[in-house]
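Have a look at the structure below, then the notes.
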Amino acid sequence: MNRQQTAIAKRAQIIALHDEGLSSRVIAQRLAVSRTTVQKWIHRHEEIGNLLDAERRPRPRLTSRAQDEAIQQAVRDDPFTNAVSIRKRLRLNVNAQTVRRRLREAGLRHRIPARKERLSEEHRAARLAYARQYVDKGLDFWSRVMFTGEKNIQQHKPWNRPQMETLYITHECANIVIPQLRPSKHIRGGQERTCHGEGLGVDLHSRHG
C-alpha cells in the first residue's frame with residue numbers, strides 16, 4: 001500500500017468511527033491524528049462525499065507575456081547584462097532567478113566578459129621586446145596579434161562565469177595571443193596545455209580557469 005492509499009484508508013477509518021457515534025476527540029486519540037484532521041475529513045465527506053485530496057491549482061505565472069518579451073529583448077539589446085540588472089531596469093516584482101528562468105525558456109543566454117589578467121612589469125618588458133623583434137613586420141602580421149590585457153575575451157556560456165579558453169602567452173612571453181597557433185598538448189581539469197609558436201622561438205601556454 002502506497003502513501004496515498006494509506007492516507008485514504010486512515011480517512012475512511014475516521015468516517016467509520018464517526019458513524020459509530022464517537023467524538024472527534026476520541027477518534028483523534030484512537031487513530032493518533034489531530035482533532036483538526038478528524039474534523040476536516042468528516043466535513044469533507046459530508047460536503048462532497050469523497051476522501052480524495054482536492055486538486056491543486058497550478059501556480060500562477062509571475063510574469064506576463066509582455067514582460068517575458070521585454071526580458072528577452074533586454075538580452076538581445078545588451079548581451080552582457082545580467083538578471084539583476086534586467087529586473088531593476090524593467091521594475092519587475094520577481095527575483096533574479098525568475099528572470100533567468102524566462103531566458104532559459106526562450107532559449108536565450110547572456111555573455112560574461114572574461115576577467116583580464118593584471119599586467120606586470122615583466123609583461124610590459126616582454127611585450128616591448130616582442131614588438132622590437134618584429135618591428136619590420138607588416139599590417140598582415142600585426143592584425144593577427146592580440147595583447148590580451150587590451151581586449152575582452154567572451155564565451156557563450158549561460159549564467160556562469162566563463163573559463164579562459166583562448167590561447168595566450170604567459171608573462172615570460174608577453175601575454176600575446178596568436179590566434180592561428182596550433183596546440184601540441186591539451187590537458188583538461190584545470191591544468192596547462194603547452195603550444196609552440198611557429199617561428200616565434202617561444203613556448204606558449206593556455207590555462208583553463
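The values are calculated or read from the model by the stated rules, or taken from the named source; none is laboratory data. Remember, it's a predicted structure, so these values are computed and weren't measured experimentally. Using ideal geometry, Cβ is built from the backbone for each residue, glycine included, and neighbour counts are taken over all protein chains shown.
Within region 54-63, the set of residues being surrounded by 11 or more Cβ atoms within 10 Å (Cβ to Cβ) and either outside any loop (DSSP other than H, G, I, E, B) or without any contact (Cβ under 8 Å) to a residue 24 or more places away in the chain (or both) comprises ARG61 only. Of the residues examined, ALA74 is one that is out of contact with any strand residue (DSSP E or B) (no Cβ under 9 Å at 6 or more places or on another chain), closer than 20 Å to LEU103 by Cβ, among the hydrophobic types (A, V, I, L, M, F, W, C) and surrounded by 15 or more Cβ atoms within 10 Å (Cβ to Cβ). Among the residues that make up region 114-122, is at least one of them of a type outside the set (D, E, K, R) and buried (at least 16 other Cβ atoms within 10 Å of the Cβ)? Within region 114-122 (the criterion being of a type outside the set (D, E, K, R) and buried (at least 16 other Cβ atoms within 10 Å of the Cβ)), the answer is yes, since at least one residue qualifies. For region 16-37, a tally of residues being surrounded by 15 or more Cβ atoms within 10 Å (Cβ to Cβ) and either at pLDDT below 90 or assigned to a loop (DSSP other than H, G, I, E, B) (or both) returns 2. All of (1) more than 23 Å from the chain's Cα centre (by Cα); (2) assigned to a loop (DSSP other than H, G, I, E, B); (3) within 30 Å of ALA106 (Cβ to Cβ) hold for ALA66 with one exception: (2). Would you mention how many residues in region 38-52 are more than 14 Å from ALA12 (Cβ to Cβ) and in contact (Cβ under 8 Å) with a residue 12 or more places away in the chain? Summing the residues that are more than 14 Å from ALA12 (Cβ to Cβ) and in contact (Cβ under 8 Å) with a residue 12 or more places away in the chain in region 38-52 gives 1. I'd like to check something: does region 17-37 contain any residue that is among the basic types (Lys, Arg) and under 48 Å from the mean Cα position of the chain (by Cα)? The answer is yes, given that some residue of region 17-37 is among the basic types (Lys, Arg) and under 48 Å from the mean Cα position of the chain (by Cα).
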